[in-house]
Amino acid sequence: MSHKDSLKHTIIVALLLCVVCSVLVSGAAVVLKPLQTENKEYARNRDVLVAAGLYDPAKHDKSYVEDTFKAFSVKLVDLQTGSYLTAEEEQQLGIDPATYDQRRAAKDPALSERVPPKEDIAVIKRQAKYAMVYVLEKDGRIDRVVLPVHGYGLWSTLYGFLAVEGDGDTILGLTFYEHGETPGLGGEVDNPKWKAQWSGKSIYLPDHQVGITVTKGGAADLSDPYEVDGLSGATLTSVGVDHLVKYWMGENGFSRYLAKLQAGGV
Ligand SMILES: Cc1cc2nc3c(=O)[nH]c(=O)nc-3n(C[C@H](O)[C@H](O)[C@H](O)COP(=O)(O)O)c2cc1C
């Protein structure tokens, strides 16, 4: 047996290979981290603009997204009161709107609450007490707000944004940025034609109960301001979307915040 084939030599080569590979992999992770964070932030900002009806993929590029998103202020809403958190409250809670991660907060016992099963129509189990909202002001008035929403469909939790006009009632758009529904069936929630139906619909009945409803596919009266047609062949995903919108527009969600917007101020 040559010196090269000795057990000692084989182990040294294997160890060296492990060290070199792990340095390369962890080096790449460290070097790429800022780029990943930047891309994640860009994707989030773009999705906010999509929901708000301010994005056209044919016309708009990265700098458009960055510049337009700058006009939005990111705020934290206390869902119990429907008011924005003050700087002091944010400090006391140790949270900062610039870095707040609502999905992570929903797992933190100090920042979240268990949703009682009877009320959990969106099947989310826990929810963050504070929600991130994106607010666009124009001429000193709230022009539109973009609200994060999520809930279970057939196979997955759908995460998205619902944009509402400054009147706290008229929907501008609904878009999902993450889900695992079947392409061509539940995945049709991403179809621009289906999404276009949401624009102009009303959320609340005169008594401020949630009126907006996703019907069974083909059953909606499209002239009804509260009806959105469900997806044909994907009733279960449609029911999931109906429930998640009702949940987040309801008492556990943004109802108090949007009532304040409707009344003219938060
Ligand atoms: C492979 C496969 C994937 C499916 N994916 C979905 C889906 O993503 N969303 C959905 O609502 N239904 C999906 N379905 C259909 C449901 O099982 C169910 O039949 C449907 O939601 C009923 O809708 P309909 O009453 O409009 O036909 C899928 C069915 C199969 C066989």
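Values quoted throughout were computed directly from the atomic coordinates according to the rules given, and no laboratory measurement underlies them. The model shown is predicted, which means the values in this text are computed figures rather than measured ones. All Cβ positions, glycine included, derive from the backbone under ideal geometry; neighbour counts span all protein chains shown.
Highest mean first, what order results for 103-110, 73-80 on Cβ atoms within 10 Å?
On the way: 103-110: 12.8, 73-80: 18.2.
Highest mean packing first, the order is 73-80, 103-110.
Over segment 1-61, the hull volume per residue, using the convex hull of the C-alpha atoms, is 121 Å³.
Mean residue ellipticity, 222 nm, helices only, the chain: the sum of -39500 (n - 2.57) across DSSP H runs of n ≥ 4, divided by residue count and rounded to 500, is -11000 deg cm²/dmol.
Mean shadow of the chain, computed from the convex hull of its alpha carbons, in nm²? Before the final figure, lay out each step's value.
Numbers: hull surface 83.8 nm².
Convex hull of Cα atoms, orientation-averaged projection: 20.9 nm².
Highest-first packing order for the peptide set 11-20, 46-55 is 46-55, 11-20, based on the mean count of other beta carbon atoms within 10 Å.
This model, with +1 at the C-beta of Lys and Arg and -1 at the C-beta of Asp and Glu, gives the chain a dipole about its Cα centre of some 900 debye.
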